[in-house]
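A short worksheet on the structure shown next.
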Amino acid sequence: MSMFDKNISQEKLKSLEFAEAAREQEWKAPSFALKLFQGSLDFSLINPFPKEDPEQKKACDEYMVKIEKFIRENLDPDEVDRTGEIPQKVYKGLADLGAFALKVPKEYDGMGFSQYSYNRIMHLISSYCGSTAVLLSAHQSIGVPQPLKLFGTPEQKKKYLPRFAKGAISAFALTEPEAGSDPRNMSTTATPTPDGRSFLLNGEKLWCTNGLIADLMVVMAVTPPKIINGKEIKQITAFIVEREFPGIENIHRCTFMGLHGIQNGLMRFNNVKVPRENIILGEGEGLKLALVTLNTGRLTLPAASTAAGKWCLNVARQWSTKRHQWGSAIGEHEAVALRLSYIASHTFAMDAVTWLTSAMADDKHRDIRLEAAIAKYFCTETAYKIVDETLQIRAGQGYETSQSLAQRGMDFWPVERALRDFRINRIIEGTTDIMHLFIAREALDPHLSKIKPLLSSKVPVNVKIGAALKMAGFYAAWYPPLWLPSAVGGDISGLPKPLSGHMVLVQQAAKKLARETFHEIAKYQQKLESKQSILNRIVDIGTELFAVSAVCSYAAMLVRDGQPNAVDLADSFCNDARKRINALFNESTNNSDPQQLKMAKKILAKEYEWMENQIIK
Ligand SMILES: Cc1cc2nc3c(=O)[nH]c(=O)nc-3n(C[C@H](O)[C@H](O)[C@H](O)COP(=O)(O)OP(=O)(O)OC[C@H]3O[C@@H](n4cnc5c(N)ncnc54)[C@H](O)[C@@H]3O)c2cc1C
C-alpha cells in the first residue's frame, strides 16, 4: 500500500514500504477471488468442486483411523487443560505415527500427505484437543518443514527433513516484544562473523509456539542492510537454528487463557552461531519467505474452525433436544432454533471454504494468497461466533467447566474450554485487522499496479504519461461493462435451483463491488490506504461473495454425491450472506464512521476519562 504515499507519517510509510517490498509482485496463476474483486465471476475456476486425490484419500482415511484411536486412548484434553502438559507418551506416540512429518515427502521418510489430507488430519485432531492440534500445526504449518519444503536447498532438505519422521519438533520465531503485526520493528540481529561463514544471532523472540521444546526453529533476524537508491534498507533473513547450537535460552513459559498445553514462551539468543548454509531462500528474503509460507500455512486455521463448528453443532443439537424449559425442548423456542440454524449453515460454509482452499493449495496452477487469507479471516471469525452461540445454548452449563460438570454427573461437553482455546485463532497468523489490510492490498493490486507509477515522485514525466495513457485505455474498456447486465461467468446450469439464483447475485454484486472500489480509489487516491473502514467493507463484501460461491459449488457436489438436503444448508447460508452484503453496500454510503472516528480521537486524548469512574483500577 506504499503507493498511497502522501499524508501519512514517515514511520507508517516506512513500515508499509517494508511490507510492500516483501509481497509477491506478480500474479503468475489465476485467482478466483482476485477476479471477483475485479467484477468478474469465473465459476469454472471452482466448479465442479475439487476433490481430494483418491489415492491420498485412501491413505489419509486409514491414517485418520489410527490417529483417532491413538489420541482417544492416550490423550485426555481436559487433563492437558488442567495440568498444562501434553504427556510425554503422547509426543512419542505421535512421533511413532509420523505425525511430525505429515507433509514431508516420502523420499525424506515423511508421510507425503497433500495439504488437503493434512488439513483433514488437523481438522480431526482440532475437534478433540486444541493444544495438540497447535503443537502439530505450529510445527508443520509454519515451522521448519513447510519453508524447507518450499524453499530449502537439496542439502538442507536431505539434512533436516528426515529428522521430522523421527519426531523432531520445530517452531517458527518471528514475533518479538516490540514486533507484533509490524515486522519492521524486529530487533533480533544476525551479524556475519569476520570469515563470513556464519552469523551470530542476538535478541529475543516472543510467543514462539513449541519454541521451548523445539529441536529446530526457523528464526527471523535482521542482517546487514542493503543500500538501494542511496537508501539504507533493513534486511530480514530466515535461518534454520538447531537447539544444540550454544547460546539459546528459554526465559519464560507463557500461559494463556486457553491452549494450556502449548510450550510457548520468551526466548533469548546470545551469540548463537549459525552457519551461512542455514539461511533459507536467501539473505534478505526472510519476510517474503514468511508471507509465502503463511499462504498455505494459515489454511490449518480454517480446518480447525470447521472442526470447531461441527463439534458445536453436535453439542448444540443434542442439548437443544435434551434440555426442557418453559414446557418444551429449548431447541423449539425460536431464539434457540435460530441459533441452531446459524450454527449449521455457517459450519457448512466453513466446510466449503476450507476444502475448496485446501484443494487450491495442492493445485500448483493457482495463486491462493487471497483465497487463503479470506478463508482464515472468514472461518476464524465465524467459528468463534459459533462457539459463543453454543455456549449461550448450553448457558450455565456452557460456562461451567467439564470437570465440574462431570463431578456432579452431568453431560460434560467442554464448551468453555473450546471458547478459551479457540479465541487465539483471530489473532495468530495475521490478526483480523491485518487480514483485512492484506486482502485489501492484494484485491486492489490490479488498480494499484497501474496507478503506482503516476503517484511516485521518482518516476520520470515521460514514463508517467505512458502509464496514464495505458491506464486510460484499460479503464475505458474495463469500467463501462460493470454497469451492464451479463450472463454468469462459468456454467451454473448444474446448480440446484435456489443456488443458481445466488450465483446470479454474486455476479451482480461483484460488478457493483468493483465499481464502488474504483470510485473510492478515484475519490481518495493516496488517502485510501488509511481509510480502513472503507477497505474493510470492500473486503467483507468480497469475502461473503467468495463464501457464497464456494458454498454453491460444494452443495452441488454433495447433491451429486447423494446428499440432497445440503441445498437447504447452502441456501440458508446464502440468504444470510445476501443480507450482510446488502447491509455492507448500504453502510458504504450511510454510516457514522466520521463521528465514531472523531470520538476515538477524543478517547485517546482522554476527553472521556471521567467515564472511567467508580471502578477499581
Ligand atoms: C498463543 C500464541 C501463539 C503464537 N504463536 C506464534 C508463533 O509460533 N510464532 C510467532 O512468530 N508468533 C506467534 N504469536 C504471535 C502472534 O502472531 C501475534 O500475537 C500477532 O501477530 C499479533 O501481534 P501482537 O499480539 O503484538 O499485536 P499488535 O501488532 O500489537 O496489534 C494490537 C492490535 O492492533 C491491531 N493493529 C495492529 N496494526 C494495525 C494496523 N496497521 N491497522 C489496523 N489494526 C492494527 C491488531 O489487529 C490488534 O488488534 C503467537 C501469539 C500467541 C498469543
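Numbers for the structure displayed
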| quantity | calculated |
| --- | --- |
| Given 10 as the ceiling on other Cβ atoms within 10 Å, longest exposed-site-free region of the chain for GluC sites (Glu not before Pro) in DSSP loops | 245-611 |
| For the range 139-149, 3J(HN,Hα) per residue [Karplus equation, 6.51 cos²θ - 1.76 cosθ + 1.60, θ = phi - 60°, Hz, x = Gly/Pro] | 5, 10, 8, 10, x, 4, x, 5, x, 5, 5 |
| Distant-in-sequence amide H partners of THR223 (H built 1.01 Å from N, under 5 Å) | ALA190, GLN235, ILE236, THR237 |
| Computed label-point distance, nm, for sites ARG184 and GLN392 using a 7 Å Cα→Cβ extension | 4.0 nm |
| Equivalent-ellipsoid semi-axes of the range 149-204, from the Cα gyration tensor, Å, largest first | 26, 19, 11 |
| 3J(HN,Hα) from dihedral phi, the range 205-218, Karplus parametrisation 6.51/-1.76/1.60, rounded to Hz, x for glycine, proline | 10, 10, 6, 7, 5, 6, x, 5, 10, 5, 7, 9, 9, 8 |
| Cα-based Lys proximity count in the range 1-94, under 17 Å, for pairs eight or more positions apart or on separate chains | 7 |
| Backbone N within the range 587-612 under 17 Å of label point (7 Å from ALA522 Cα along the Cβ vector) | 589 |
| Using a Förster distance of 22 Å, the FRET efficiency for TYR399-ASP78 (Cβ separation, nearest 0.05) | 0.90 |
| Rule-of-thumb Rg ratio for the range 164-261 [Cα; 2.2 N^0.38 Å; N residues] | 1.20 |
| Charge dipole of the chain about the Cα centre (unit charges at C-beta), most positive-ward option of GLY466, GLN397, THR347 | GLY466 |
| Cα-derived Rg over Rh, computed across the range 559-605 with Rh taken as Kirkwood radius | 1.40 |
| Magnitude of the charge dipole, the chain, Cβ model with Lys/Arg +1 and Asp/Glu -1, debye to 20 | 1040 debye |
| Principal axis dimensions, the chain - Cα atoms, whole angstrom, descending | 78, 66, 64 |
| Magnitude of the charge dipole, the range 350-391, Cβ model with Lys/Arg +1 and Asp/Glu -1, debye to 20 | 160 debye |
| Contour minus Cα-Cα distance for ALA406 and ASP96 (0.36 nm per residue) | 108.4 nm |
| Computed P(r) (all Cα pairs; the range 124-181; 5 Å bins; percent) | 4, 17, 21, 21, 18, 12, 7, 1 |
| Compactness of the range 425-508 as Cα Rg over 2.2 N^0.38 Å, two decimals | 1.61 |
| Dmax and Rg, reported as Rg then Dmax, of the range 32-111 (C-alpha, Å) | 19.4, 53 |
| Over 29 Å between alpha carbons, listed pairs LYS450/LYS497; LYS205/LYS452; LYS157/LYS364; LYS159/LYS310 | LYS450/LYS497; LYS205/LYS452; LYS159/LYS310 |
| Kyte-Doolittle mean at least -0.5 and Cα axial length at least 20 Å: DSSP H helices in the chain | 300-322, 334-362, 369-394, 461-478, 497-524, 532-560, 566-589 |
| Separation of the ILE228 and ASP42 label points, Cα + 7 Å toward Cβ, nm | 2.9 nm |
| Local electrostatic count at PRO177 - Lys and Arg +1, Asp and Glu -1, tallied over other residues with Cβ under 10 Å | -2 |
| Calculated on alpha-carbon atoms, Rg and Dmax of the range 48-203 in Å | 18.0, 58 |
| Segment LEU454-ALA29, extension gain: residue separation times 0.36 nm, minus the distance between their alpha carbons | 150.4 nm |
| Of the chymotrypsin sites (Phe, Trp or Tyr not before Pro) in the range 267-347, those whose Cβ has at most 12 other Cβ within 10 Å and which sit in DSSP loop | TRP326 |
| For the range 253-378, convex hull of alpha carbons as volume per residue, Å³ | 157 Å³ |
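No lab work stands behind these numbers, since they all come straight from the coordinates. Because the structure is predicted, anything quoted here is derived from the model rather than measured. Here the Cβ is made from the backbone with ideal geometry for all residues, glycine too, and neighbour counts use every protein chain on show.
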